[in-house]
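The values are calculated or read from the model by the stated rules, or taken from the named source; none is laboratory data. This one's a predicted model, so the numbers in the text were calculated from it and none came from an experiment. Cβ: placed from backbone, ideal geometry, glycine included. Neighbour counts: every protein chain shown. For accessibility, only protein heavy atoms count, side chains too; no ligands or nucleic acids. Shrake-Rupley method; radii C 1.70, N 1.55, O 1.52, S 1.80 Å.
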Amino acid sequence: MNEICVGLIGFGTVGSGVVKILQQNKEIIEARVGFPVKLKRIADLDVTTDRGVRVDPSVLTTDVRQVLEDPEISIVIELIGGIEPAKAFILDAFRSGKQVVTANKALLAEHGAEIFKAARQAGREIAFEAAVAGGIPILRALREGLVANRFGKVLAILNGTCNFILTAMDENPGIPFDDVLKQAQDRGYAEADPSLDIEGIDTAHKLVIILALTHGIRLPLARIYVEGINRMDPFDVEMAKEFSFKIKLLALIIQHGEQVEVRLHPTMIPRNHPLARVDGVFNGIYLRGDMVGDQLFYGRGAGKEPTASAVVGDVIELARNVIGGQVGRVPPLGYPQNRIDTGGVMDMQEVVTNYYLRVQALDRPGVLSRIAGIMADHSISIHSVIQKGRQQSGTVPVVFLTHNAREKDVQAAARKINDLDAVEGPPVIIRIEDESLD
Ligand SMILES: NC(=O)c1ccc[n+]([C@@H]2O[C@H](COP(=O)([O-])OP(=O)(O)OC[C@H]3O[C@@H](n4cnc5c(N)ncnc54)[C@H](OP(=O)(O)O)[C@@H]3O)[C@@H](O)[C@H]2O)c1
């Protein structure tokens, strides 16, 4: 062997970043690997558009077979995204004896079991660091550097679009969600169709992958409680500030005895929490290992170069494994296949945490006490209440922070409160993650 040949499928944002890195950092990569890493072929539906990097035209092809069937290519990089044909290409790559690198979180979250099995059966590897938190090497940290730990808590900001929107709402009092979304789109931070991001699905895909690595649990997406940021009201962002909180879209994994909470929703965190300083398009993963203590991983969770940095990091790892003849030394999810489970996740209804509840109530005597009475009937103890001045509709926002309460009790109380004549619309519920509350 005198070089490692690589084939790329998908010459888009991340794909062109990969080409840039392999060109710009060619010498340092060769020095670190010990052999040149040569990009032998790039397949894309469109090979005429200028991608901002120079490549020899003979490298480009519209025929994916020229990547998948080239016997010299040992590592295939899939960067087209989506489920099909990406999945078919990856399975074909294994069948042709190739190692695979992908950034495709949706595919891994939804079809990971099939893909990992195919890799094992073919005696090949799949690497996917870029699928979670872009340039932050969190998967490798969980799988290797922190492998000696039990993880009591993982709180993660994993979607730059949502974090940009929530940061802008925090910094610009009263600005409506739709206006900030438009700003994010104008600046290239949000897709024309932003639903995957703002509804939390993209973060959920990443949460599925992180949970597998931290707990050896493979959870179908449908079993995760997912609430996006699309209904975020600037009033609640302002109220969060009054309570010294910031709102973040958090993916949460919290160990409770034998069970683990896995949930994803807008969350109020103290403004002095390390994650409160993860602003704009940045990502952050805050975790607690039983031996290592608390750690914060921070960096760019998306974008051409940061994501491509993770992809090329995987290419180099696989190249080293190919050179060393050590395929499959570290299992992709950090656990041998027969130790990966689907159980042990707490029912969302049983989750106990602190809540922010905003009720729009008529400013009449007795209303507040009726609401408080309903909460007491549902074993919800109130930590504090703020009532704001009268609004145009004749109702006033009344905001409650609760002590620890059970999700099912809070939901039941919210339904009862909604039934009151003196209340307009269902209460807004935002969960709080603050260890100083109980
Ligand atoms: N962008 C990021 O910051 C980021 C961050 C983390 C992970 N990722 C992941 O990285 C992957 C790639 O994302 P991206 O942003 O680079 O996407 P992108 O800019 O849309 O690039 C995808 C490229 O693949 C091409 N393509 C689509 N179907 C193809 C096919 N059947 N055969 C050959 N080429 C095909 C597309 O061509 P056409 O344009 O002609 O369709 C496009 O050039 C996705 O899985 C994404 O989730 C991206």
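Quick one: of 182/248; 26/105; 40/206; 241/388; 105/408; 98/304, which pairs are farther than 23 Å apart, Cα to Cα? As for pairs spanning more than 23 Å Cα to Cα, those are 26/105; 40/206; 105/408; 98/304. Is the C-alpha gyration tensor of region 138-300 telling us rounded, prolate or oblate? Criteria: a/c under 1.5 is rounded; beyond that, a/b larger than b/c is prolate, otherwise oblate. Prolate is the answer for region 138-300, as a/c is 1.5 or above and a/b outweighs b/c. Annotation note: GluC sites (Glu not before Pro) in region 10-94 located in DSSP loop regions with a Cβ neighbour count of at most 13 within 10 Å are 72.
For residue 286, the solvent-accessible surface with a 1.4 Å probe is about 20 Å², rounded to the nearest 10.
Around residue 266, what is the net charge, scoring Lys/Arg as +1 and Asp/Glu as -1 over all other residues with Cβ under 10 Å from its Cβ? Around residue 266, the charge tally is +1.
Can you tell me the 0 to 90 degree angle between the C-alpha axis of helix 304-324 and the longest principal axis of the chain, rounded to 10? The answer is roughly 50 degrees. Give me the percent of the accessible area of the chain that comes from carbon and sulfur atoms, probe 1.4 Å, all protein chains in place. Of the solvent-accessible surface of the chain, carbon and sulfur hold 48 percent.
Working from Cα positions, state the angle (0 to 90°, nearest 10) between the long axis of helix 201-215 and the longest principal axis of the chain. In the chain, helix 201-215 runs at an angle near 80 degrees to the longest axis. With Cα atoms defining each centre, region 415-430 and region 123-179 are spaced 33 Å apart in the structure. Selection among 152, 221, 162 by position relative to the dipole of the chain gives 152 as farthest towards the positive end (Cβ unit charges, Cα centre).
Net charge around residue 204, counting only other residues with Cβ within less than 12 Å of its Cβ (Lys, Arg = +1; Asp, Glu = -1)? With Lys, Arg at +1 and Asp, Glu at -1, the neighbours total -1.
Between 1, 361, 103, the Cα set farthest toward the positive side of the dipole of the chain (charges on each charged residue's Cβ, about the Cα centre) is that of 1. So how far, in whole Å, is the C-alpha centre of region 188-218 from the one of region 26-61? The distance from the Cα centre of region 188-218 to that of region 26-61 comes to 29 Å.
Would you please classify the overall shape of region 40-107 from the alpha carbon gyration tensor, given that a ≥ b ≥ c denote the square roots of the eigenvalues, rounded means a/c under 1.5, and beyond that prolate means a/b larger than b/c while oblate covers the rest? Since a/c reaches 1.5 but b/c is at least a/b, the shape of region 40-107 is classed as oblate.
Rounded to the nearest Hz, the phi-derived 3J(HN,Hα) couplings of region 222-227 under the Karplus curve 6.51 cos²θ - 1.76 cosθ + 1.60 (θ = phi - 60°) are 5, 8, 9, 6, 10, 10, where x marks glycine and proline.
Each 20 Å bin from zero up to the one holding the largest Cα-Cα distance in the chain carries the following percent of pairs: 25, 50, 21, 4, 0. Based on protein heavy atoms only, the chain ends up with 43 Å² per residue of surface accessible to a 1.4 Å probe. Amide H contacts under 5 Å for residue 127: 100, 101, 102, restricted to partners 5 or more places along the chain or on a different chain, H placed in the peptide plane at 1.01 Å from N. Along region 50-62 the Karplus relation, 6.51 cos²θ - 1.76 cosθ + 1.60 evaluated at θ = phi - 60°, assigns HN-Hα couplings of 6, 9, x, 9, 8, 9, 4, x, 6, 7, 7, 8, 9 Hz to successive residues, with x for each Gly and Pro.
Here region 348-432 is assigned +1 on the Cβ of each Lys and Arg and -1 on the Cβ of each Asp and Glu. Its dipole about the Cα centre then comes out at about 160 debye.
For the chain, a Gaussian network of Cα nodes joined below 10 Å ranks 365, 194, 397 by mean-square fluctuation, and the top entry is 365. The residue list 10, 414, 245 was ranked by how far each Cα lies along the charge dipole of the chain toward its positive end, using unit charges on Cβ atoms, and 10 comes out on top. Largest GNM mean-square fluctuation across 261, 110, 84, computed for the chain with C-alpha springs under 10 Å, falls on 84. What you get for region 248-391, charging only the Cβ of Lys and Arg (+1) and of Asp and Glu (-1), is a dipole of about 640 debye around the Cα centre.
For residue 415 and residue 342, the difference between the fully extended length at 0.36 nm per residue and the C-alpha to C-alpha distance is 23.1 nm.
The amide H of residue 404, built 1.01 Å from its N in the peptide plane, has 438 as neighbours under 5 Å, considering only residues 5 or more places off or on other chains. Overall, the chain carries a charge dipole of about 760 debye about its Cα centre when +1 sits on the Cβ of Lys and Arg and -1 on the Cβ of Asp and Glu, all other atoms neutral.
A Förster distance of 35 Å, applied to the separation of the beta-carbon atoms of residue 193 and residue 55, puts the FRET efficiency at 0.70.
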